[in-house]
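No lab work stands behind these numbers, since they all come straight from the coordinates. Please read these numbers as outputs of a predicted model, since none were measured by experiment.
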Amino acid sequence: MTDCLFCSIVKKEIPSKLVFENDLVLAFRDINPQAPHHILIIPKKHIAGLLETNSEDNLILAEMYQTAKSLIREFGIENSSRLVLNQGRQAGQSVMHLHMHLLGGRDLTWPPG
């Protein structure tokens, strides 16, 4: 997809504060952080949202969660972290490229929104 913000970040056309990268996923700091640690974890493959995934994407989805687990440990936020995956504009998905928010480093209240 040529006009996708996150695809441009994957291609390094737009700079980001990268915290992790491998063959399947990229993780970078959110430009509008809602917590001391606010990381976006995205697949390198363009997938619009969770409902557009299929069984061929299971490895990507697993890698996104494994990346989150590693970053939670790396940043020492085992007791103050949350994963958020919004599906659709009404849920707050502003970029139509599957992404997971990792938030942590402060008290996180419930309900979130």
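Figures for the structure shown
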quantity	calculated
Helix 58-74 axis, angle to the chain major axis (alpha carbon atoms, nearest 10°)	30 degrees
Rg over Rh, two decimals, the chain (C-alpha only, Kirkwood Rh)	0.94
